[in-house]
Structures are given as structure tokens and as C-alpha cells.
Amino acid sequence: MKYIDIHCHLDREDYGTDFEEVLARMKEKRIGAIAIGADFPSSKKAVAIAEQNENIWACIGIHPGYVSEAFPLAARVEDELLGLEELIKSPKVVGVGECGLDWFRLDLASAKTVANKQKELFEKQIEFAIKHNKPLMLHIRATQNSFDAYKDVLEILNHYKKEAGGKLRGNVHFFAGDVEIAKKFLDLNFTLSFAGVITFIRDYDEVIKYVPQERLMSETDAPFVAPVPFRGQRNEPSFVIEIIKKLAEIRGEDFDSLNSAILANAKRVFGI
Ligand SMILES: [Zn+2]
């Protein structure tokens with residue numbers, strides 16, 4: 001393995017017709033990946049994919065978007081959490097998530113109820129991660145022009161930190177906060193990962209330069225948001241090389257040494 005994509009959704013139907021070719025390109029380019037679950041069925045598929053491929057691992061969890069008007073927090077969530085207890089027995093499961101808070105699509109009429117339910121679901125998964133001593137894969141999305149969801153996640157994590165200490169750790173996926181928010185996650189011993197958006201939007205340059213090399217991660221979030229020069233196409237783990245190139249360019253660092261540091265970070269945090 002030479003490169004790592006720590007966050008992709010290989011279970012999705014987007015890969016239905018040519019999944020073998022996607023896997024072949026990963027092998028050819030020596031790409032490792034962590035397949036991410038967003039509910040119980042997708043977590044189960046991610047684990048199955050990881051068990052069938054030595055260069056793929058899995059995170060299991062329930063995405064906060066699961067709790068919305070369309071998907072009310074029903075008894076099914078309890079069943080799904082019980083299902084995660086089974087899945088975590090696989091040695092290929094290296095983290096819990098994606099989980100977190102998503103205030104971006106909150107519908108104002110139901111905002112308060114949905115927000116509280118998202119928090120409840122997130123806290124259950126933090127407790128699950130601490131119990132099994134696994135890192136968290138966080139999904140955080142704030143309302144526009146705000147860092148509200150980041151602040152709420154930090155408050156929750158700081159609460160758990162007091163008891164859990166070093167067992168509470170993980171990565172903030174698709175980091176979209178500023179330097180001040182980044183510092184707070186770094187203080188909590190989290191890493192930050194960046195996806196394809198950094199290849200065509202300059203808003204993240206300052207925070208990318210700020211993150212110490214030993215706390216930086218690379219991800220595609222495939223099949224979403226393909227990096228330049230693949231923009232508009234379906235994304236896939238082998239495109240992570242373009243994201244690492246851009247990280248090195250923005251930071252003014254040598255590609256190979258930055259890539260080695262990123263790979264070492266993923267190995268350390270996820271135990272892969
Ligand atoms: Zn994701």
C-alpha cells in the first residue's frame with residue numbers, strides 16, 4: 001500500500017456495474033481505503049467488502065442525516081445499533097462512523113426535535129466507540145456561513161473526554177472549519193481529513209497549511225465530489241492521489257514525504 005483513502009462509500013450502487021475494475025485500479029496504483037458505513041445495511045456491506053479485500057478496511061456507524069423528517073428516529077435505530085455490536089467483531093472494522101451532527105439540511109419547523117435526536121444518536125455512537133476502544137469517523141456539517149455544528153460536536157466531545165481520556169479519538173472527515181475550530185479538534189487529539197473540494201476551492205488553503213503533518217489525512221468521500229481533473233465524474237479511491245498532490249502543493253511540501261506521513265497517520269490512528 002502506497003496511498004490511503006480513509007473515507008469512501010464503496011458499498012454504493014454507483015459501483016454496481018464496474019466494481020471489479022475500481023478494485024483493480026486500486027491494486028494497480030497501490031491504494032488502500034477505509035469503506036464507510038452510513039447505516040446498518042451499508043456498514044454491513046462495507047465490512048463484507050473489507051473482508052474480501054486485503055487493502056480495504058471498514059468503519060461502521062449511522063450518519064446523522066439518518067435522523068430527519070424523512071427518517072424519524074424509530075425503533076429501527078435501536079436495532080441498527082444492536083447490529084453494529086455484531087459487526088464490530090470483524091477484525092477489519094477499524095472505526096465507528098460516520099457519525100456526528102448535520103445542521104445543514106435542518107428544516108426549521110422540526111429543527112429542535114431533529115437536532116436533539118441527532119445528538120442522542122451521536123452520543124450512543126461515541127459511547128459505542130469508547131466501549132470498543134475504536135476511533136471515531138466524524139461527519140460534521142454546519143449551517144451556511146457558520147461553524148455551529150462544529151461547536152456543538154466539540155462541546156459533546158469535551159464532555160466525554162473527561163472520562164474516556166485517550167480512548168476518545170478519531171478523525172474529522174471532509175473538514176470545513178477554520179483554523180480556530182481545527183485547533184480545538186487537534187487539542188482533543190483528532191486528525192483532520194480533506195477531500196476533492198480542495199482541488200477547486202481555495203477556502204481551505206489556510207487551514208490545510210495550519211494542520212501539523214502528523215495530524216493530516218487524505219480521503220476521497222467517493223463516489224461524491226471527484227477532484228480535478230476528474231471533476232463531475234464519479235469519484236473513486238484511486239483519485240486520492242490528486243488530493244494528496246494538492247495538499248502537498250498548498251503546503252509547499254514534497255509529495256513523497258507528505259504522502260508517507262499521511263500513510264503513517266492512517267496506520268497509527270486506525271491501526272491498519
Ligand atoms: Zn461519507
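Throughout, read-outs are computed from the coordinates displayed, never taken from laboratory work. Everything numeric in this text was worked out from a predicted model, so none of it was measured. So basically every Cβ, Gly included, is an ideal-geometry build from the backbone, and we count neighbours across all protein chains shown.
Observations
- Calculated P(r) tail over 31 Å for segment 3-270, as whole % of Cα pairs: 20 percent
- Charge tally for residue 171 (other residues, Cβ to Cβ under 12 Å; Lys, Arg +1; Asp, Glu -1): +2.
- Net charge of neighbours whose Cβ lies under 13 Å from the Cβ of residue 133, counting Lys and Arg as +1 and Asp and Glu as -1: +3
- Amide H contacts of residue 222 (H built 1.01 Å from N, in plane; Pro and chain starts excluded): 9 sit under 5 Å, all sequence-distant by 5 or more or on other chains.
- Mean Kyte hydropathy of -1.0 or more with a Cα span along the axis of at least 27 Å, helices from DSSP in the chain: 111-131
- Highest-fluctuation residue, 260, 90, 110 considered, GNM on the chain with Cα pairs under 10 Å: 110
- Relative contact order (%) - the chain, alpha-carbon pairs under 8 angstrom, separation at least six: 18 percent
- For the chain, the share of DSSP beta bridges that are antiparallel, to the nearest 5, is 0%.
- Taking a sphere under 13 Å around the Cβ of residue 4 and counting the other residues whose Cβ falls inside, with K and R at +1 and D and E at -1, yields a net charge of +3.
- Taking the fewest neighbouring Cβ atoms within 10 Å as the starting point, the ordered list for 220, 191 is 191, 220.
- Within straight-line reach of residue 209, meaning a Cα separation under 30 Å, sit the following lysines at least 8 residues removed in sequence or on another chain: 2, 29, 134, 151, 161, 162, 167, 183, 184, 245, 246, 267.
- Within a Gaussian network of the chain (alpha carbon springs, distance under 10 Å), most fluctuating of 202, 30, 169: 202
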